[in-house]
1. I'd like the orientation of helix 2-67 relative to the chain: the angle between its Cα long axis and the longest Cα principal axis, in ° from 0 to 90, rounded to 10.
2. Taking only DSSP H segments of four or more residues, each worth -39500 (n - 2.57), what value at 222 nm results for the chain once the sum is divided by all its residues, to the nearest 500 deg cm²/dmol?
3. Would you mind computing, in nm to one decimal, how far apart the modelled labels at residue 61 and residue 18 are, each placed 7 Å from Cα along Cα→Cβ?
4. Considering every pair of different Cα atoms, what Kirkwood radius, in Å, is found for the chain?
5. Which ordering of 46, 1 is given by a fewest-first count of other beta-carbon atoms within 10 Å?
């Protein structure tokens, strides 16, 4: 009976070591996924930030161009069509 108990204890110890090793491997893999995800997220955010900055510059340039546009004096501010222009 003592032999069976010792065998069972040994098997449990072996299984515990095996499971501990597997958990450590999974923990390492999870850590690597987190690092990869953070890197991807940072790159993605930087790309998005660059696109927003480019759009802001384009908007500023368009605002300057639009502010420089003047309506001809003969064009009324309403939707009336001036037949004399034909």
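1. 10
2. -29000 deg cm²/dmol
3. 6.6
4. Hydrodynamic radius (Kirkwood, Cα pairs) of the chain is 20.8 Å.
5. Fewest to most other Cβ atoms nearby, the residues stand as 1, 46.
Just so you know, all these numbers are worked out from the coordinates, no wet-lab data involved. Here the structure is a predicted model, which is why all the values come from computation and not from measurement. Cβ coordinates were reconstructed from backbone atoms using ideal geometry, including for glycine residues, and neighbour counts include every protein chain displayed.
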